[in-house]
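The next block holds one structure in the form of structure tokens; read it before the comments.
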Amino acid sequence: MAFVQNFPFMSIILSLFSGPLCSILSGRKAKWVNAAVIVIIGGMSAAVLGFVLGTGQEYVYTMGHFPAPWGNEIRVGVLEAVMAVFFCVIMLLCMLGGIREREEEIEDTKQNLYYIMVNLLLSSLLALIYTNDLFTAYVFVEINTISACGLIMIRQNGRTLVAATRYMIMSLLGSGLLLLGICFLYDLTGHLLMSNIREQVALIHANGSYHIPLLVAVGLMSVGIAIKSALYPFHSWLPDAYGYSTLSSASILSSLVSKGYIFLLVKIFYRVIGFDIVRDSKVINVLFVFGIVGMIMGSVSAIKESNIRRMISYSSIAQIGYIYMGFGLGTTAGIVASIYHIVSHAATKALLFVAASGITEVSGDSTDFFDLTGAGYRNKLSGIAFTVGSLSMVGIPVFSGFISKLLFAQAGVGVENTAKMLPTLIALAISTVLNAVYFMKTVIRLYTPEKKAVLEKKEFKQVKMTEEPAKSFALICFIVLNLFLGLSSEPIIRLIENGLNMFA
Amino acid sequence: MSKKVSQEKYEKTRSYRMKQWFDGTRDPFLNTVEMKPQKVFSEDKETLERRAEDRKKLRERIYDTAGNTEVRVFRKFYRVASVLFCICLVVMLLAAVSGLPTFGNPGNPVNNEVAARYIENGLQETGAVNIVTGMILDYRAFDTLGESHVLFIATCTVLILLRLDKSKKGSHGIGYEAEEDRIYEPKNDVILQTVARILVPPIVIFGIYVILGGHLGPGGGFSGGAVIGAGLILYVNAFGFAKTERFFHEKTYKRLSFCALACYALAKSYSFYTGANHIESMIPLGTPGAILSSGLILILNICVGLVVAGTMYTFYVMFRKGAY
């Protein structure tokens with residue numbers, strides 16, 4: 001076994017280990033440890049990606065001396081490695097972008113607790129990506145939930161506490177349903193290992209026995225994960241949680257945490273149940289309907305919102321709707337589009353959050369829409385970054401959002417079930433127009449010059465790029481990432497297709 | 001008819017003394033106790049008025065309950081809908097459960113080669129007499145590693161939420177004492193202290209026994225740690241924080257849990273690494289049944305036990321006082 005193959009296991013253990021390590025360090029040191037851990041893990045994941053692409057084969061890694069159905073194991077393929085690299089990059093940029101806000105908004109004595117949360121969150125995301133065992137996935141879902149709560153409420157004002165409570169209740173409900181689904185599956189198949197469950201499920205499906213419990217299990221797991229990733233009717237926790245928590249928390253939560261769960265759902269569909277059986281079970285039709293409703297309703301709520309950060313949060317609901325709609329199409333093209341959208345949305349939404357904080361900073365820390373007039377001139381880089389993010393969200397060519405919308409549309413046209421074709425295309429069109437309404441409205445507001453008298457009265461300041469090098473660097477990286485995803489999407493789409501082939 | 005006894009005579013009888021003891025006016029050891037009627041909890045007019053005003057304001061500003069027909073209609077609808085939804089859910093889940101394999105049937109899919117190997121080879125492969133311990137700390141140690149980090153991160157979240165840091169303690173305004181009852185130490189209660197003095201050592205020793213014997217019989221890190229944590233909580237209730245702070249401080253907790261979790265992670269990394277790379281593990285399993293046996297399980301149990309005990313105690317302290 002090549003030494004590189006140990007890297008996935010090492011990256012999980014390293015991030016797990018660094019959590020308790022941060023608890024005995026001071027906030028400043030913990031910050032460096034955290035950054036170093038993310039960089040090292042990103043590097044290791046890139047090496048793993050290179051290795052897997054080189055051999056062209058997935059491999060399993062036994063965690064301990066006992067082979068798979070008895071012990072734990074993790075499984076590494078192209079898609080897993082891509083996700084790990086990508087999550088590390090986004091997490092590093094989110095942490096860089098929010099340094100100033102973290103230091104201002106979190107008490108000095110609790111700084112190191114923040115890094116514990118982030119390190120353990122990273123480990124849980126990695127474990128969710130790599131694990132080949134449903135119960136291990138559940139354990140790390142727990143870590144993910146608790147650390148996300150911590151990230152929300154560490155900035156202590158009343159709103160975040162309420163938001164964290166709401167998130168906790170909804171998220172625990174989701175975990176409960178997921179666990180119930182896992183129990184059902186275990187009772188039916190006698191296994192917790194994904195590949196073994198899949199064999200057994202195929203047998204059961206062929207026999208035609210246990211039809212109802214299997215359907216209920218699939219439903220429970222889908223609904224549980226849908227709640228945790230804020231699919232439309234279960235989104236009530238999201239706007240406050242993203243809108244009022246500290247900047248890096250908001251961007252990490254929106255771009256990584258919900259995406260980790262969605263990736264787990266992809267794994268469950270492909271590696272646990274088998275996508276044919278999921279398609280036959282009609283559960284995806286439900287996801288399809290709610291995805292489409294979410295696409296519209298999320299955008300409508302965003303248009304009504306006057307707080308810029310809450311507006312971006314509502315936009316997340318719409319984007320999650322896109323992803324579930326892609327699942328609902330029931331074709332491989334749809335899933336590829338969804339996974340591409342996971343990537344592109346993660347890159348864009350984090351960019352928008354960081355840029356929005358740069359804009360509000362020069363508007364007297366007001367998140368109100370009307371105070372943002374002319375903010376694009378006062379903080380030029382953030383203005384440009386926000387514009388790039390908005391254009392990408394709306395789906396203008398050159399930016400990453402365009403590619404994902406294109407993929408969704410292609411998947412929608414290519415779907416066999418023609419009943420789904422028209423709703424998909426119509427919903428895409430309506431949602432794009434709605435996106436344009438609220439994002440372009442904000443961009444125009446940003447570049448409408450404010451009267452000098454008002455500026456002087458409100459004492460808005462100017463911020464130059466060099467004043468906050470970390471944030472500027474993060475923003476530039478995000479912009480480059482967005483353009484890269486938009487301009488050279490072919491290799492990434494091929495990677496995703498390659499990875500999905502390994503899944504099946 | 002009972003004989004009418006004069007008051008003086010009656011006061012000398014045993015029954016009168018019994019009654020006095022019962023009423024609490026006289027103690028057999030301390031003689032007459034000066035009785036103080038318990039103060040009825042009452043707030044002065046000002047606070048009451050302020051509170052009523054606040055409540056009124058709240059209602060006016062946030063909830064317009066009286067005139068809002070939409071809210072009333074929605075509430076009725078909500079009640080009906082929630083009942084209907086629950087009934088649907090119950091029916092659906094019952095249908096699903098009734099479709100599951102019969103409980104306890106030997107032919108069930110659960111009774112497959114996985115369980116068989118745990119039962120048949122568990123003792124030889126892990127060296128643990130207690131199969132459950134062998135399963136969670138050897139076969140599936142990765143899950144348990146995650147699980148102990150769940151406890152750790154739960155403590156950290158509670159620290160974020162409840163820990164009061166010195167910088168935050170503000171002025172002593174109105175109602176400070178009512179809000180800050182955490183500044184009061186527990187009273188020196190003789191009964192509690194005596195009981196604690198008798199009970200705490202056996203509780204802690206029992207906890208240690210449960211942890212150390214986890215691979216030999218029922219028990220293990222999670223249950224033993226919980227027992228030790230309960231012992232510590234009893235101790236702190238009886239003797240106050242000043243005494244526990246001498247040996248258990250926040251730094252102690254952090255270092256303890258760091259050492260335990262790091263030890264766990266290192267030990268398991270070794271066995272994961274050797275296992276995956278097909279290197280022979282150097283750790284002897286020992287004779288099953290001996291205290292020093294079953295490889296790493298004993299160490300892992302101690303680590304888990306430390307984390308659990310610290311977590312229990314920290315939870316209690318945070319909710320009680322907000323600081324160590």
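The values are calculated or read from the model by the stated rules, or taken from the named source; none is laboratory data. Only a predicted model underlies this, so the values are computations on that prediction, with no experimental measurement involved. So basically every Cβ, Gly included, is an ideal-geometry build from the backbone, and we count neighbours across all protein chains shown.
Things worth noting here:
- Of the residues making up the range B:254-271, those that are under 19 Å from the mean Cα position of the chain (by Cα) and at the interface with chain A (Cβ under 9 Å from one of its Cβ atoms) are B:254, B:257.
- Qualifying residues in the range A:401-422 (those that are of a type outside the set (Lys, Arg) and in contact with a Phe, Trp or Tyr (Cβ under 8 Å, 6 or more places away or on another chain)) - the one nearest to residue A:290 (Cα to Cα): A:408
- Where helices (runs of 4 or more DSSP H) fall entirely within the range B:215-324, those with at least 3 residues that are of a type in the set (A, V, I, L, M) and at negative phi are at B:221-239, B:250-276, B:297-320.
- Being away from chain B (no Cβ under 13 Å) and surrounded by fewer than 20 Cβ atoms within 10 Å (Cβ to Cβ) is a condition met by at least one residue of the range A:8-28.
- Flag for residue A:89 being modelled with pLDDT of 90 or more, under 15 Å from residue A:252 (Cβ atoms) and not hydroxyl-bearing (Ser, Thr, Tyr): yes
- All positions within the range A:202-213 that are under 31 Å from the mean Cα position of the chain (by Cα) and away from chain B (no Cβ under 12 Å): A:202
- Among residues that are aromatic (Phe, Trp, Tyr) and in contact with a Leu (Cβ under 6 Å, 6 or more places away or on another chain), residue A:51 is not included.
Residues checked against (1) closer than 30 Å to residue A:8 by Cα; (2) touching a residue at least 40 places away in the same chain (Cβ under 8 Å):
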| site | (1), (2) |
| --- | --- |
| B:225 | no, yes |
| B:228 | no, yes |
| B:231 | no, no |
| B:243 | no, no |
| B:265 | yes, yes |
| B:272 | yes, yes |
| B:295 | yes, yes |
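- Taking every residue in the range A:127-144 that is over 17 Å from residue B:148 (Cα atoms) and pairing it with any residue that is part of a loop (DSSP other than H, G, I, E, B), at least 6 positions away or on another chain, the pairs with Cβ-Cβ distances below 6 Å are A:133/A:192; A:134/A:192.
- Residue check, residue A:441 part of a helix (DSSP H, G or I), modelled with pLDDT of 85 or more, of a type in the set (D, E, K, R) and over 23 Å from residue A:313 (Cα atoms): no
- Restricting the range B:127-141 to residues that are over 16 Å from residue B:218 (Cβ atoms) and not aliphatic (A, V, I, L, M), the residue that is surrounded by the most Cβ atoms within 10 Å (Cβ to Cβ) is B:138.
- Scan of the range A:437-478 for residues that are within 15 Å of residue A:379 (Cα to Cα) and among the acidic types (Asp, Glu), ordered by number: A:450, A:459, A:467, A:468
- Here residue A:218 does not qualify as within 18 Å of residue A:327 (Cα to Cα), free of Cβ contacts under 8 Å to residues at least 60 places away in the same chain and within 12 Å of chain B (Cβ to nearest Cβ).
- Evaluating residue A:408 against the criteria (1) within 14 Å of residue A:443 (Cβ to Cβ); (2) surrounded by 24 or more Cβ atoms within 10 Å (Cβ to Cβ) leaves one unmet condition, (1).
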